[in-house]
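For reference, the structure discussed in these notes is given below.
The values are calculated or read from the model by the stated rules, or taken from the named source; none is laboratory data. Nothing here was measured: the structure is a model prediction, and the numbers come from that model. Note: ideal-geometry Cβ built from the backbone for every residue, glycine included; neighbour counts use all protein chains shown.
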Amino acid sequence: MAKHRKFNADRFLDKFQGQEQLLRAYVAQWDGKLPLSTAALDVPVLKEFLANGDGDGKDAMMEGLYRAHDLSTERGHEDLIAACRDWDIDPDPGGQLPVECLSLKVLTENEEAFNLAYDRNTLWLGERFSIFRGKSAKAIPDPAAVAREFQEKLAEAFREDKDSDRVLVRQYREEPYVNFIVYHEKRTKAELVFTGPKSKQRVMPQIWRPAQQDFISYNHETGQVDIEARFEHEETALRKHFAECCLADAEFFESPEASQRLNLTRITESDFSMPVNEDHTAELVELQFSLMQQHGPSFVVRSRNVLETLDKNYLRKKLVGGTIRRAVFKIGFPDDRRGKRVELSGSNKVKFKRATHAEDVFRYLNNWGVVLG
């Protein structure tokens, strides 16, 4: 049996008190493979089985519970509702089910709708991405059709690059965005593992081809695309093949200006400020820069208020003419006491957790002039 990742099974399953029929419908998929009586299944029985039971279907059953648990958040609830709306189904007409119950019910009754919700949630969990502005604001006429072509094109490219053509592309609309989730295999990884009984143990290589998950989010009203990929060459492949298949122009994002989306020199200007809504806060908390001086000195300043620290050390005026390589802002919201850390670097690299307040963050970055509109 596989080693399972940890999650709070007690808290998750307690939400099914009074909704045991949802657990029974889910577990019924493994009738004959698990030593459980589906008809008599309740929350305490399932908890005991998860802790101490075994069976051929336990790993698959546990993986589904993990995935349902992953969507048991406020954002996950929104994604489940949106996905069900796209599939024209209504698994909770009265709107009374806790998100845990809704998540497992959708997984049991319509796995494709659940996968769509899971994909939507995955995109908003992305943290590190690159921004490119295309030649114009151009619509994608048939996202479902171009997604299939995009998948085939990537399979061909990755077959040569990584000796694997296993690629899956899913897409969904969220006006004004068309979003694509791209799954593809990483390079082959071999690890030595023990095999056989203790009396005849051997060490053998086990081959792994783990899947990688990237995303593309395209705004057809602005012509801007956000891409999250692990490596630069894979980002380039995603960008070019996306443009070729979805916008009929492989060079749509390839002009010198396409990747010039950040304007960090705005921070050096004397009138730079960071206005926010009355109940929000914003500070510049880290700045990496170099000055146009002999020996090319570079600095990293970390402070609860970098601008004030620069002023007190007579460095702010010296920034003029220098190069800012990285800036980190901390934006606070009433429901996030720790604040959201937003890192900008290079000409188009952005890093922050997009799951909450993404629209507010981009609105502020645009208003401050550090991200170009």
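With in contact (Cβ under 8 Å) with a residue 40 or more places away in the chain and either among the small types (Gly, Ala, Ser) or under 22 Å from Asn115 (Cβ atoms) (or both) as the only criterion, which of Leu50, Leu80, Leu102, Leu71 stands out? So that I can check it myself, show each step before the final result.
On the way: Leu50 fails: either among the small types (Gly, Ala, Ser) or under 22 Å from Asn115 (Cβ atoms) (or both); Leu80 fails: in contact (Cβ under 8 Å) with a residue 40 or more places away in the chain; Leu102 fails: in contact (Cβ under 8 Å) with a residue 40 or more places away in the chain.
One residue alone meets the criteria, Leu71.
So is Met292 in contact with a Gly (Cβ under 6 Å, 6 or more places away or on another chain) and either basic (Lys, Arg) or not assigned by TED's automatic domain parsing to the domain that holds Ser136 (or both) or not? Show your work before the answer.
Values: in contact with a Gly (Cβ under 6 Å, 6 or more places away or on another chain): yes; either basic (Lys, Arg) or not assigned by TED's automatic domain parsing to the domain that holds Ser136 (or both): yes.
Yes, satisfied.
Among the residues of segment 54-79, how many are out of contact with any Lys or Arg (no Cβ under 8 Å at 6 or more places or on another chain) and farther than 16 Å from Pro98 by Cα?
8
If only one of Phe329, Phe362 is within 18 Å of Ser217 (Cβ to Cβ) and not in a loop (DSSP other than H, G, I, E, B), which one is it? Steps first, answer last, please.
On the way: Phe329 fails: within 18 Å of Ser217 (Cβ to Cβ).
Answer to the check: Phe362.
For Asp311, all conditions in the list (1) closer than 20 Å to Gly369 by Cβ; (2) in contact with a Ser or Thr (Cβ under 6 Å, 6 or more places away or on another chain); (3) not in a strand (DSSP E or B) hold save one; what is the number of the exception?
All conditions are met except number (2).
Looking at Ala211, is it at pLDDT 80 or above, surrounded by fewer than 21 Cβ atoms within 10 Å (Cβ to Cβ) and under 30 Å from Val146 (Cβ atoms)? Lay out the reasoning, then the answer.
Working: at pLDDT 80 or above: no; surrounded by fewer than 21 Cβ atoms within 10 Å (Cβ to Cβ): yes; under 30 Å from Val146 (Cβ atoms): yes.
No, not satisfied.
Residues are listed down the side, and each one gets a yes or a no for (1) modelled with pLDDT of 95 or more; (2) among the aliphatic types (A, V, I, L, M):
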{"position": "Ala282", "(1), (2)": "yes, yes"}
{"position": "His295", "(1), (2)": "no, no"}
{"position": "Ile331", "(1), (2)": "yes, yes"}
{"position": "Gly339", "(1), (2)": "no, no"}
{"position": "Tyr364", "(1), (2)": "yes, no"}
{"position": "Trp368", "(1), (2)": "yes, no"}
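Of these, Phe132, Phe114, which one is surrounded by 15 or more Cβ atoms within 10 Å (Cβ to Cβ), modelled with pLDDT of 95 or more and assigned to a helix (DSSP H, G or I)? Explain how you work it out, then say what you get.
Numbers: Phe132 fails: assigned to a helix (DSSP H, G or I).
Just one listed residue meets the conditions, Phe114.
When only residues in segment 129-145 that are touching a Phe, Trp or Tyr at 6+ places or on another chain (Cβ under 9 Å) and among the charged types (D, E, K, R) count, which is farthest from Glu174 (Cα to Cα)? Outline the logic, then answer.
Of segment 129-145, the ones touching a Phe, Trp or Tyr at 6+ places or on another chain (Cβ under 9 Å) are 129, 132-136, 138, 140, 143.
Narrowing the set further to residues that are among the charged types (D, E, K, R) leaves 133, 135, 138.
Numbers: Arg133: 19, Lys135: 22, Lys138: 16 Å.
Looking at residues that are touching a Phe, Trp or Tyr at 6+ places or on another chain (Cβ under 9 Å) and among the charged types (D, E, K, R), I get Lys135.
Every residue in segment 264-293 that is assigned to a strand (DSSP E or B) and surrounded by fewer than 16 Cβ atoms within 10 Å (Cβ to Cβ), please. Outline the logic, then answer.
Kept after step one, since they are assigned to a strand (DSSP E or B), are these residues of segment 264-293: 281-290.
Correct list: Thr281, Ser290.
For Lys349, only one of the following conditions fails: (1) over 22 Å from the mean Cα position of the chain (by Cα); (2) crowded, with 16+ Cβ neighbours inside 10 Å; (3) over 19 Å from Asp271 (Cα atoms); (4) not polar (S, T, N, Q). What is its number?
Against the list (1) over 22 Å from the mean Cα position of the chain (by Cα); (2) crowded, with 16+ Cβ neighbours inside 10 Å; (3) over 19 Å from Asp271 (Cα atoms); (4) not polar (S, T, N, Q), Lys349 comes up short only on (1).
Which condition breaks for Ala355 when tested against (1) on the phi > 0 side of the Ramachandran plot; (2) in a loop (DSSP other than H, G, I, E, B)?
Exception for Ala355: condition (1).
Ser72: surrounded by 13 or more Cβ atoms within 10 Å (Cβ to Cβ), part of a helix (DSSP H, G or I) and polar (S, T, N, Q), yes or no?
Numbers: surrounded by 13 or more Cβ atoms within 10 Å (Cβ to Cβ): yes; part of a helix (DSSP H, G or I): no; polar (S, T, N, Q): yes.
No: the conditions fail for Ser72.
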